[in-house]
Amino acid sequence: MTEAEAAQELATLAVEIAQHDQAYHEHDAPLISDAEYDALRQRNAAIEAEFPYLIRPDSPSRRVGAAPGGGFAKVRHRVPMLSLDNAFAAADFTEFCARIRRFLHQPDDASLAFVAEPKIDGLSINLLFENGRLVRGATRGDGAEGEDVTANLRTMATVPDRLRGDAPALIEIRGEVFMTKADFLALNAAQVAAGQKVFANPRNAAAGSLRQLDPAITATRPLSLFAYALGDVQGSVPSTHSGYLDQLRAWGFEVNPLSRMLGGEAEAAAFQQETGLARAGLGYDIDGVVYKLNDLALQRRLGFVGRAPRWAIAWKFPAEQATTTLEDIRIQVGRTGALTPVAWLAAVNVGGVLVTRATLHNEDEIARKDVRVGDTVVLQRAGDVIPQIVHVMLDRRPLGSTPFVPPETCPACGSLALRAAGEVVRRCTGGLICPAQTVERLIHFVSRGAFDIDGLGEKSIQEFFDLGWLRGPADIFRLEQHRAELLTREGWKEKSVSNLMQAIETRRTVPLDRFIFALGIRRVGATNAKLLARHYTSYAAWHTQMLAATTVGSDERLALGSILGVGPSLADELTTFFVEPRNRAALDELAAFLTIQDAERPATADGALAGKNLVFTGTLETMSRPEAKARAEILGARVTDSVSKRTDLLILGADAGSKAKKAAELGVATVTEAEWREMAGF
Ligand code: IVH
């Protein structure tokens, strides 16, 4: 992977992960499974490990709410925890049975005995017992290695600390931790009352509750366990799975009461149907039935293929669906300025969970499904994915309905909301003034590579924001006004307050590149900020030229685009920022508090043009004047308009006039455009 590819992918991941964080934390509506989310974060971490200098200020790894489970010790399972192959129809199940017979060299009419168990939608765990005592409990993790959540599991009433009666010297007992639908709804109600985040579904609630770093919190969460599988064992166990389930009950575990031994494979379809009908009425979420060959000796012979056993299969139910009306499409603004349309629905029960919202992802998705306010829509809840709108019932569409029109302005701040070419997401351009983005922006503003204000961390920013003291970056330099009140607040003492004020005071003088970086303009990371600062050298120059660059086709716009390293998308982001009048106002307000230090030009002392005074004249044929000027400056030269004694070199374009004459009089060296190209390394 090249550096450019890494930077590009980190940028994409930052946006993508932020969207998922937002969907999960703010909208209570994850768009992808936890595993897919973890994979995104792992990918981000892997690239950052290889290119640490490319870590972005808005990197997911730098945000609070670290990767889930970062705080637990890792545990290797003695026997890997695998997954199951899926069946979706009777034919898949028949093929599964045929495969078993072929593998075991059994005749086509040999009968196979199965145990059928509801497939609980929770998270699987592994409990290691030594001499009948629970010594360790772990999550499944990636199957080979999970997280040590022993202390949390011990708080659960359904996890026995000791096996009742005789037990093998060592045994790994596996099962599913879950939360009942009723417990889930009660927990969410309590979370709302306490101002805490709500969970998307019982599965997320169970996972979140089990992975608390403080077991005292887990203890307050209503978690349950059904035991259903065996890992490693030293000692004897029954010879059938049904016998093993009986043994689990005898040891003190709960086994799903709907689990049943089937006489033969022909009974599976009926069990599947029966359980499917019972599903919505069950107290907990299930998403299918697991069929396990009853004979453990046969299970051993069959073994595994890939990550799944040959002796078991999960026959999934179709997703649970319901119809309801779409009452409104509202726009949510995320912390990074992304606008996400959300469907507001007439409340409807989908498989036992009351649903009032569904994500619409983005405007393309709305257009593709032609979703309109007033429509009757079919919703579906599948696995741990939040409700999706499957399709619109066109025959029920009310007369006079109109297609959804994406907003042109941000509903949170009124700034222009733009959708860049080639992107699906529409974004608010009110970077500095949008309340939905303020806290995140301010955190970036004071971060290490930016204003680097000691003592002004994420917590304080949130606190001051909630108090109404911080609305934009300029307010940081007005915090002094709140000194007296701050002293009365919990956690603030004379010393910490004066340290903070001192730290802010010190940062009133700031280098230009840090200032530019701090603004949090998309794609303007620390490196690009330096590039810009070196090119424009002073705040005044940068500011005037950015304003001028907002005019498409202007020289300044061309010059911006031809700074080495500034691509068209970066140029677009900068001009978009400057087009918004409120951003300009916020910038002026901020600059008034500051002394912004000029940047130094790069010391390219060895370059042929370093320190030289250049003048261009006539029409350049192979490049624009701004591009030529930008390149000269990158190479350390100064470009002026008129020829004087101090001019070192005059570049002659076509039809050069008076300047060429003057150069000849003063004895100033001249070169042709071709020679200039050579010198400048074009
Ligand atoms: S047996 C080697 N039984 O489904 C077989 N799994 O897709 C191990 N699950 O990770 C799994 N209910 O989280 C088994 N009665 C059940 C189950 C069950 C739910 C989950 C479990 C597993 C996943 C596999």
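The values are calculated or read from the model by the stated rules, or taken from the named source; none is laboratory data. Fair warning: this is a prediction, and the values are worked out from it, not measured in the lab. Note: ideal-geometry Cβ built from the backbone for every residue, glycine included; neighbour counts use all protein chains shown.
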Checklist entry - Just wondering, is there one or more residues in the range 50-62 that are away from the ligand (no atom under 16 Å from the Cβ), assigned to a loop (DSSP other than H, G, I, E, B), among the aromatic types (Phe, Trp, Tyr) and surrounded by 14 or more Cβ atoms within 10 Å (Cβ to Cβ)? => result yes
Next on the checklist: I'd like to check which strands (runs of 3 or more DSSP E) are fully inside the range 588-671 and have at least 1 residues that are farther than 25 Å from LEU547 by Cβ, among the hydrophobic types (A, V, I, L, M, F, W, C) and in contact with a helix residue (DSSP H, G or I) (Cβ under 8 Å, 6 or more places away or on another chain).
Outcome noted: 613-617, 649-652
Checklist entry - Quick check: anything in the range 312-327 away from the ligand (no atom under 16 Å from the Cβ) and within 28 Å of PRO435 (Cα to Cα)? => result yes
Item to check | Which numbered condition LEU170 misses (of (1) away from the ligand (no atom under 16 Å from the Cβ); (2) surrounded by 21 or more Cβ atoms within 10 Å (Cβ to Cβ); (3) at pLDDT 90 or above) | outcome: (2)
Checklist entry - Any idea which of (1) surrounded by fewer than 17 Cβ atoms within 10 Å (Cβ to Cβ); (2) of a type outside the set (Val, Ile, Thr); (3) touching a Leu at 6+ places or on another chain (Cβ under 7 Å) is the one SER401 doesn't satisfy? => result (3)
Item to check | Residues of the range 356-387 satisfying the condition of being touching a Lys or Arg at 6+ places or on another chain (Cβ under 8 Å), crowded, with 20+ Cβ neighbours inside 10 Å and modelled with pLDDT of 85 or more | outcome: ASN362, GLU363, ASP375
Checklist entry - ARG136 is checked against (1) closer than 25 Å to ILE173 by Cα; (2) modelled with pLDDT under 95; (3) more than 16 Å from the ligand (Cβ to nearest atom); (4) among the basic types (Lys, Arg) and fails just one. What number does that condition carry? => result (2)
Item to check | Any pair with Cβ under 6 angstrom, 6 or more apart, that starts in the range 550-569 at a residue that is not in a helix (DSSP H, G or I) and ends at one that is not β-branched (Val, Ile, Thr) | outcome: THR550/PHE578; SER554/ALA548; SER562/GLU627; SER562/ALA630; ILE563/HIS535; ILE563/ALA630; GLY565/LEU531
Checklist outcome for this item: Expected output for the range 114-126 (first residue modelled with pLDDT of 95 or more and assigned to a strand (DSSP E or B), partner acidic (Asp, Glu) and more than 7 Å from the ligand (Cβ to nearest atom), Cβ below 6 Å, 6+ apart or cross-chain) is LYS119/ASP287; ASN126/GLU172
Checklist entry - Listed residues ALA205, ALA200; which is more than 13 Å from the ligand (Cβ to nearest atom), closer than 24 Å to VAL159 by Cβ, modelled with pLDDT under 95 and crowded, with 18+ Cβ neighbours inside 10 Å? => result ALA205
